[in-house]
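Derivation of every value follows stated rules applied to the coordinates shown; laboratory data play no part. All figures in this text were calculated on a predicted structure; none of them were measured in a lab. Here the Cβ positions follow ideal geometry from the backbone for every residue, glycine too, while neighbour counts run over all protein chains shown.
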């Protein structure tokens, strides 16, 4: 006995919906990869910056193996900073991200703060090369403040999310 | 009613010594500053208020061993039987005052101090995402571990808020249901009601407090500074 046509039509519709819904609900794979890569790079920068900070607290900082390579990492990553936030890579992508919609609402301010952070990162790398401990300490604080200047308005508060992943 | 009993009902008995009261309210203030500065990402103040909390808790632990009688753990921390017996009498509206912490309150004290210590302890290793004001011991963990600990720090603080909420609810319960005012004695040190002479507060000398304050300060200082220079 052949199935009634409307049953076939109904089943086909449900099948299409069930296949399509995950695509509709989830972010495009490109966005997801982009956000993941952005988080990885920012984490790399955070890790490199922390390594410098830890070194600065020691009596005999290791310039060659710790400070210089990490200062380089911070600078090289920071130079791409502003390319990591294309339109659509905010929370509207459906991917878990700390990035706030304000980034794309106030692009001029965001860019200005991003460029300021790049300048501080470049300066950090330059001072690291000069091996001036006091100057590097001051510059690490300046860079930290540049990070905070963007995190405070454009990153959702740390305690609001379960974790950094 | 004998003159002695009458006297017993109207007198205000000294139950908490000044150091215990001051430490209690300092903890309220410092935890409040920690909360505010944490929420607003004012981490420089957060570090200092966190150290202040640690100092108070360490001093309170010390005072719990060598301080005045009602502050000593040995005098108020009780076994399971005493706790259960007390819990069974909790529904009675007219129950005698305990001169100091009752057996259930003792659990609350340990829970409070333990939770505060856990929040501070985790915070010492937490990493600030801006790299400005990470915990003083964050050099011992990786960036990733330190970030995980920062989030654990927030979770533990929410546990602390629950413990604080329970504490405040208990104080309201004692006031509304049993007619025992616990707030006034924590401010003035004195409470109304009857008291057994054997329970009278034995105050510890001030020099002992000074020694404890110095020891606690030395420990906090060591945690924040010294460990990097070994």
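A few notes on this one:
Rundown of residues vs (1) surrounded by 15 or more Cβ atoms within 10 Å (Cβ to Cβ); (2) facing chain B (nearest Cβ under 10 Å), yes/no style:
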| position | (1), (2) |
| --- | --- |
| A:127 | yes, no |
| A:146 | yes, yes |
| A:154 | yes, no |
| A:157 | yes, yes |
| A:160 | no, yes |
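- Tally of residues being without any contact (Cβ under 8 Å) to a residue 24 or more places away in the chain and in a helix (DSSP H, G or I) across segment B:74-95: 9
- The single condition among (1) within 14 Å of chain A (Cβ to nearest Cβ); (2) farther than 26 Å from residue A:61 by Cβ that residue B:104 does not satisfy is (1).
- Residue list for segment A:114-125, restricted to those being surrounded by 19 or more Cβ atoms within 10 Å (Cβ to Cβ) and within 16 Å of the chain's Cα centre (by Cα): A:114, A:117, A:121
- Candidate set from segment B:128-149 (those that are more than 8 Å from every other protein chain (Cβ to nearest Cβ) and in a helix (DSSP H, G or I)); member that is nearest to the chain's Cα centre (by Cα): B:149
- Flag if residue A:135 is surrounded by fewer than 19 Cβ atoms within 10 Å (Cβ to Cβ), in a helix (DSSP H, G or I), without any contact (Cβ under 8 Å) to a residue 24 or more places away in the chain and away from chain B (no Cβ under 14 Å): yes
- Residue list for segment A:85-113, filter: more than 18 Å from residue A:147 (Cβ to Cβ), assigned to a helix (DSSP H, G or I) and within 14 Å of the chain's Cα centre (by Cα): A:91
- Meets criteria (out of contact with any strand residue (DSSP E or B) (no Cβ under 9 Å at 6 or more places or on another chain), buried (at least 16 other Cβ atoms within 10 Å of the Cβ), over 21 Å from residue B:155 (Cα atoms) and more than 14 Å from chain A (Cβ to nearest Cβ)) for residue B:79: no
- Restricting attention to segment B:12-45, the residues that are under 19 Å from the mean Cα position of the chain (by Cα), closer than 21 Å to residue A:156 by Cβ and surrounded by 17 or more Cβ atoms within 10 Å (Cβ to Cβ) add up to 1.
- Per-region count, segment B:96-125, residues surrounded by 15 or more Cβ atoms within 10 Å (Cβ to Cβ), assigned to a loop (DSSP other than H, G, I, E, B) and in contact (Cβ under 8 Å) with a residue 40 or more places away in the chain: 4
- Subset of segment B:150-176 [farther than 25 Å from residue B:126 by Cβ, surrounded by 13 or more Cβ atoms within 10 Å (Cβ to Cβ) and over 16 Å from the mean Cα position of the chain (by Cα)]: B:173, B:174, B:175
- Listed conditions (1) away from chain B (no Cβ under 11 Å); (2) touching a residue at least 24 places away in the same chain (Cβ under 8 Å) are all met by residue A:64, apart from (2).
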